[in-house]
Structures are given as structure tokens and as C-alpha cells.
1. Go through segment 53-71 residue by residue and tally those that are within 18 Å of Leu94 (Cα to Cα) and touching a residue at least 40 places away in the same chain (Cβ under 8 Å).
2. Looking at Val130 and the list (1) more than 17 Å from Ala172 (Cα to Cα); (2) in contact (Cβ under 8 Å) with a residue 40 or more places away in the chain; (3) β-branched (Val, Ile, Thr), which single condition is not satisfied?
3. Can you go through Ser77, Ser105, Ser112, Ser122 and tell me which one is in contact with a Pro (Cβ under 7 Å, 6 or more places away or on another chain) and either in contact (Cβ under 8 Å) with a residue 60 or more places away in the chain or within 30 Å of Arg177 (Cα to Cα) (or both)?
4. In segment 127-182, how many residues are of a type in the set (Lys, Arg) and either under 13 Å from the mean Cα position of the chain (by Cα) or not in a helix (DSSP H, G or I) (or both)?
5. Given the conditions (1) modelled with pLDDT of 90 or more; (2) on the phi < 0 side of the Ramachandran plot; (3) charged (D, E, K, R), and given that Arg68 satisfies all but one, which numbered condition is not satisfied?
6. Pairs needed: first member in segment 33-45, farther than 17 Å from Ala21 by Cβ; second member anywhere, polar (S, T, N, Q) and not in a helix (DSSP H, G or I); C-beta distance under 9 Å; at least 6 residues apart or different chains.
7. Can you find, within segment 94-126, the residue that is farthest from Tyr145 (Cα to Cα) among those that are in a loop (DSSP other than H, G, I, E, B) and touching a helix residue (DSSP H, G or I) at 6+ places or on another chain (Cβ under 6 Å)?
8. Can you find even one residue in segment 48-62 that is more than 27 Å from Thr135 (Cβ to Cβ) and either in a helix (DSSP H, G or I) or not aliphatic (A, V, I, L, M) (or both)?
Amino acid sequence: MIETFARIMLTVSDWAIPIMAGSIVLIAALRKVKIYEVFIEGAKEGFQVGVRIIPYLVAILCAIAFFRASGAMDLLSSLLKPITNLVGMPPEALPMAIVRPMSGSGALGIMSEIIKTHGPDSFLGRVASVMMGSTETTFYVLAVYFGSVGISKIRHALWAGLLADVAGLLSAVWICRWMFGG
């Protein structure tokens, strides 16, 4: 069952992007859209957005570096360890779960270390990979995107984002346990 599922997913992943790109070009051509000109205009707008978010990006990356360097992440990991044991999360995945809402690149570094140490087909490697794909960089999104458009009152966005992250983390652990054992 798992082998068949893996083959199907491999086939879908091989064809997903070419089909999507081809469909976009085909639909644009049918609608007589000037594809190149529209692409260039979008690229210009994207560059302007990039320039606007740089200060917010630098601020959030500095905050994450301070959080890790100060030892606060280690302290938070030790405080949350009883909860992770309760839900069945491997303790080695906790730093990934903590960093992921703050930084995609930081989480990628932690995931890479987990995979290098434990292997990509280990239970921990699979959990870390699924965590990476099922959660969002909530604090990064709020800081960069809300900040770039001048939104200072985030209202319920933080709690909704963190709740979605917790749901993604728990789902990652439970789905990996169900699919791969562990």
C-alpha cells in the first residue's frame, strides 16, 4: 500500500509543475494575454515589494538570531518537553517545531541537521519533513507582510496562525506515526 502510494505521489510530483506551467501559458494564449509583457510588469512589482520588505526581514532575522543565541530556545525546549512526550513528538523535533513559526531558513537548517544525523527515511526525518511542509513561518509573515503594508494591529492573525501551526505540527506527528510507524 505504501509503495503504491509512493509511486503515485512520485508520478504526480514529476508532472505537477510542467502541467501547471503549461496550463497557465495555454490559458493566457487563449485569452490573448501578452504573456511576456505581463511577466515583466509582475517582476517589476515583485522587485518593489522586495525592496519594501527588506527592513522587516532584517528585523525578524535579527530577532531569531538573538532568540537562539541567548539560550531562550533551549529553555523553551526543556519547558515544552513534557507536552511533546504527551503527544508522541520525538524530543529531537522540538527545536524544529519552535523555530518553524519564526524562520523558514532556520527550520530548514534544523531539518537538514536532523536528516543528516538520523537519515531521511528515519521516523524523525519524516516527521521533520512533514512539519516543514505543513506549517507556516507565522511570525515572519506577520512581521514582513503586515509591516510592508503598514498594518500595525494584527488582531487575531497571530493566534489563528499559531493555532494553524500547532495543528500542522500535531498532524505531522500523528500522520507519520500512522503512515510509517514509530
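The values are calculated or read from the model by the stated rules, or taken from the named source; none is laboratory data. These figures come from a predicted structure and were not determined experimentally. So basically every Cβ, Gly included, is an ideal-geometry build from the backbone, and we count neighbours across all protein chains shown.
1. So the count comes out to 1.
2. Every listed condition holds for Val130 apart from (1).
3. Sole residue among the options that is in contact with a Pro (Cβ under 7 Å, 6 or more places away or on another chain) and either in contact (Cβ under 8 Å) with a residue 60 or more places away in the chain or within 30 Å of Arg177 (Cα to Cα) (or both): Ser77.
4. Matching residues across segment 127-182 total 2.
5. (1)
6. From residues that are farther than 17 Å from Ala21 by Cβ, there are no pairs.
7. Of all residues in segment 94-126, those in a loop (DSSP other than H, G, I, E, B) come to 100-103, 119-122.
Right, trim to touching a helix residue (DSSP H, G or I) at 6+ places or on another chain (Cβ under 6 Å) and you get 100-103, 119.
Working: Arg100: 17, Pro101: 14, Met102: 13, Ser103: 14, Gly119: 35 Å.
Taking the candidates together, the pick is Gly119.
8. Yes - at least one qualifying residue is present in segment 48-62.
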